[in-house]
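Any read-out appearing in this document is the output of simple, stated calculations on the displayed coordinates, not a laboratory observation. What you are looking at is a predicted structure, and each value in this text was computed from that prediction instead of being measured. Cβ atoms come from the backbone with ideal geometry, glycine included; neighbour counts cover every protein chain shown.
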Amino acid sequence: MDQAEGLRNIVKKQNQRPVGSARIIAVTSGKGGVGKSNTSINLALQFSRMGKKVIILDADFGLANIEVMFGVIPRHNLSDLMNSDKSLKDIIVEGPEGVGFISGGSGIAKMTNLDNEQVRRLVYKLSELEQYADIIIVDTGAGIGNNVLEFVCSCPEVILVTTPEPTSITDAYALLKALNRYPGFDREATTINVLCNRVNSGSEGINLFEKLNMVVGKFLSMELHFLGCIPMDYSITKAVMKQQPVTMMYPNCSSTKAYASVAASLIHMDQANAEQKPQETQNSISRFFTNLLRNRKTEHHTN
């Protein structure tokens, strides 16, 4: 074993989280087309480069943005975990640079109809994700539909992607307003980070956040956190046209550097939280899916 490999092994050991503490982050947006799935993919790649094991759960029903950008076609999805003898490992597709990917398919949509024993077995199987990932990114749909709200409510950390476009800001506020009224939402247990995408400057991004934060604080009494900015960068457009993540296709462009900075900030936040609450296990994957199933059943019975 050479010195470089030895160093990599040391870093890998340092980055391993205790069982039951995989970090779960939902990436969402008030409207489509603001760069939500791009954010999920490029942050996942940056986390992977920092030595983290990452899996993306594609919960954007009807759209296949993640698999298109990764250039992979999943043979199995969450339904196969529920309805066949497939194991969790069977439904995880390996994407670029070791980032894992799970297609939700129609599996999550069927969770409301499961009986208690099926729920128990499903959560038990999904809890094995702790063995495969340090960070699980949930790429939700866009908008304020129940599927989106269920995932956002179930995650302890949320990244809300918005742009300076007036409609994007309005829709981001609408999402937060709907979330604030949703029965399963616990504002005390949820951290909402705002990522300002396609900004012309850092000051534009800060102004965007402050505008949204002021209105949300006044009318919803919710606390938002400024995560950072991704600049307007034609490299992203070119990468999307080539069906490639920008951080792979253009490793030195401004947006790639911005994604690296945002990923580093999230890692720093996680380390700071771990020091403050070393015994906290709010991020466990079994807790996440238990919350998700509870929220789905609550909404189902409400309707």
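Quote to one decimal, in nm, the extra length available between Met222 and Ala272 on full extension: 0.36 nm per residue of separation minus the C-alpha distance between them. Write out the running numbers ahead of the final one.
On the way: separation 50, 0.36 × 50 = 18.00 nm, distance 2.19 nm.
Full extension from Met222 to Ala272 adds 15.8 nm.
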Taking a crude spin-label model, label points 7 Å out from Cα along the C-beta direction, the Arg49 to Asn252 distance in nm is 1.3 nm
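So if I take the alpha carbon set of region 19-298, get Rg, then get Rh from the Kirkwood formula, what is the Rg over Rh ratio? Numbers along the way, then the final one.
On the way: Rg = 17.7 Å, Rh = 18.8 Å.
Using only Cα positions, Rg/Rh for region 19-298 is 0.94.
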Please compute the modelled spin-label separation between Ala174 and Val68, points set 7 Å along Cα→Cβ, answer in nm with one decimal. 2.2 nm
Extension length gain for Ser265 and Glu97 (0.36 nm per residue less Cα distance), in nm, is 58.4 nm
The FRET efficiency for Ser201 and Gln131, from their Cβ-Cβ distance with R0 = 25 Å and rounded to 0.05, is 0.05
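Quick one: order Ser87, Ser154 by neighbouring beta-carbon count within 10 Å, fewest to most. Walk me through the numbers before you get to the answer.
Numbers: Ser87 13, Ser154 23.
Exposure proxy ranking, most exposed first: Ser87, Ser154.
Step through the table entries Lys177/Lys218; Lys89/Lys125; Lys36/Lys86, compare each Cα-Cα distance with 19 Å, and write down the pairs that go over it. Spell out each step's value before the answer.
Values: Lys177/Lys218 12 Å; Lys89/Lys125 10 Å; Lys36/Lys86 30 Å.
The answer is Lys36/Lys86.
Using a 10 Å cut-off on Cβ atoms, rank the peptides 191-201, 124-134 from the highest mean neighbour count down. Don't jump to the answer; show the numbers that get you there.
Numbers: 191-201: 20.4, 124-134: 17.8.
Descending mean neighbour count gives 191-201, 124-134.
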Ranked output for segments 253-261, 71-79 by mean other Cβ atoms within 10 Å, highest leading, reads 253-261, 71-79
